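Accompanying notes for the structure given below.
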């Protein structure tokens, strides 16, 4: 039986992004999908970009990196550091493009994930900050988080929590 799920929500005030989704599996599974190379299986699509070369030392102070391969074949690296890891409840990490993003450049931002058990699996809340002075980038990233959370929901669709 497939669980009914609401569409992911994302919004920004121009400085910070808030996004929310219900994922139909337990927090431990969502946590693993966010911090292990499992990210390569669900984050992206053939018509946008795909994540590959994911590496992560998933502990406070550990580093992570990934390469994004765009639909037109460009390879764009990103990286950061885990500031907090509290499995399977909370992840806080820095994020920086290692190339000149068109609206954000190489500005470092911070992403916090909160995973809470819910009746239908996991309530995932994302707070992505560090966009002060970059409202256009915040808007683009809010749209991006809604898309990413749809991919994550789709990846786990039909699995029992």
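No value in this document is a laboratory result; all are computed from the given coordinates. Computed from a prediction, not measured in an experiment: that's the story for all the values here. Glycine also receives a Cβ, built like all others from the backbone with ideal geometry; neighbour counts cover every protein chain displayed.
A few points about this structure:
- Residues (over 17 Å from residue 62 (Cα atoms), touching a residue at least 60 places away in the same chain (Cβ under 8 Å) and not in a loop (DSSP other than H, G, I, E, B)) located in the stretch 86-125: 115, 116, 117, 118, 121, 122, 123, 124, 125
- Filtered residues of the stretch 1-21 (kept if touching a strand residue (DSSP E or B) at 6+ places or on another chain (Cβ under 7 Å), crowded, with 20+ Cβ neighbours inside 10 Å and farther than 12 Å from residue 151 by Cβ): 10, 17, 19
- Scanning the stretch 86-103 for residues that are over 19 Å from residue 19 (Cα atoms) and in contact with a helix residue (DSSP H, G or I) (Cβ under 9 Å, 6 or more places away or on another chain) gives 87, 101, 102, 103.
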